[in-house]
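Colleague: Attaching a single structure in structure tokens format; questions to follow.
We did not get these values from a lab; they are worked out from the coordinates using the rules stated. Being a predicted model, the structure only gives us computed values, none of them experimental. Methodologically, a virtual Cβ is constructed for each residue, glycine included, from the backbone with ideal geometry; neighbour enumeration extends over all protein chains shown.
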Amino acid sequence: MSTQPLCFSQQALSLFTCFAKAFVMGGSKKVDQLGFFENFCLSGAAAVIAKTAAAPIERVKLLVQNQGEMLKLGTLDRPYNGVIDCTIRTFKSEGLLPFWRGNLPNCLRYFPTQALNFAFKDKVKAAIKPQKSDPYAVAFTKNVVSGGIAGALSLVFVYSLDYCRTRLASDTKSAKKGAARQYDGMIDVYKKTWKTDGIVGLYRGFVISCIGIMVYRGFYFGLYDTIKPIFLGEDAGVTVSFILGYGVTVSAGLLSYPIDTIRRRMMMTSGAAVKYKGSLDCAVSIIRDEGPMSLMRGAGANILRGVAGAGVLAGFDKFKQLYVSYRLGKPVA
């Protein structure tokens with residue numbers, strides 16, 4: 001099992017990763033001959049392209065997911081009736097370009113996250129000491145724990161960017177606010193949050209996010225290891241491998257989605273007069289006031305988000321093959 005951390009802030013990335021492994025990395029045997037920096041930049045370009053392509057869906061998902069807090073803050077005048085209603089209303093009130101609101105910090109997160117994962121991965125693995133002779137249950141536990149630790153360590157450095165992305169994407173032009181936004185941009189989010197809440201405001205929801213990493217990894221590898229022997233043989237094709245990886249990623253994301261909702265709803269209270277006492281208080285309040293299904297609002301957009309990213313990466317694969325061919329001076333096998 002890999003020690004690469006999978007967490008809620010990386011669900012879109014993991015969706016693109018399962019595609020990238022099958023189509024972008026697969027079939028490009030010469031890619032391994034490129035240097036670390038070139039591979040890092042190519043992977044970064046793929047991530048930025050995928051995230052940017054899926055940004056409108058991601059913003060709609062966040063608006064639907066966080067509408068409960070937006071109604072309390074007065075930045076939303078009435079609830080959304082779903083993803084389609086949210087899309088139409090947002091387009092009418094804000095236009096097309098604001099659908100990419102919050103995409104910059106989301107893209108910026110990728111590079112430090114990958115660098116930190118690379119830095120922490122081997123150290124955490126050495127501390128956990130996985131062995132090939134470990135029973136499945138032990139290996140599974142070590143993988144989930146090591147991934148959770150590495151993910152939490154990385155999250156310390158990039159969490160504020162995810163917070164910033166969430167606040168920007170959930171910032172609407174509301175009639176109650178005179179069609180004015182709360183934030184003017186990424187820097188403004190940092191300034192205002194620091195002024196009202198300090199560093200705590202930038203890290204609200206951090207603990208439940210760390211727990212979410214382990215929960216997500218548990219679902220992901222639990223499902224993958226259970227389903228893989230059934231559908232994949234030794235000679236499984238690229239398409240079947242991608243479908244399995246994509247299906248498991250989406251399923252794990254849906255099963256662990258309530259935790260993502262809780263952490264983002266906690267983020268939304270930074271700067272507000274009334275805050276949740278913790279993640280449990282947040283969950284209880286949401287279920288009591290809005291019903292249990294409110295924890296799943298916007299979950300369907302996760303599937304569409306993955307499709308959008310995968311579609312764009314199919315085109316990016318062609319560019320990557322051309323680059324590798326040019327760089328190495330020979331066709332890609």
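Colleague: Identify all aspartates and glutamates with a Cα-Cα distance to LYS125 below 17 Å; exclude those on the same chain that are fewer than 8 residues away in sequence.
Modeller: In chain and number order, the partners are ASP134.
Colleague: I've got another one for you. I'd like the FRET efficiency for VAL48 and SER133, computed as 1/(1 + (r/R0)^6) with the beta carbon distance as r and R0 of 45 Å, rounded to 0.05.
Modeller: Computed FRET efficiency for VAL48 and SER133 comes out at 0.65.
Colleague: Neighbour counts of other C-beta atoms within 10 Å: give me ILE49, ILE84, ILE208 arranged from fewest to most.
Modeller: So the ranking, lowest neighbour count to highest, is ILE84, ILE49, ILE208.
Colleague: LYS277: which aspartates and glutamates have alpha carbons under 19 Å from its alpha carbon, excluding same-chain residues fewer than 8 sequence positions away?
Modeller: GLU69, ASP197, ASP260, ASP289, GLU290
Colleague: Let me ask something else. Among the listed pairs LYS72/LYS173; LYS92/LYS195; LYS191/LYS275, which have their C-alpha atoms separated by more than 23 angstrom in this model?
Modeller: From LYS72/LYS173; LYS92/LYS195; LYS191/LYS275, over 23 Å: LYS92/LYS195.
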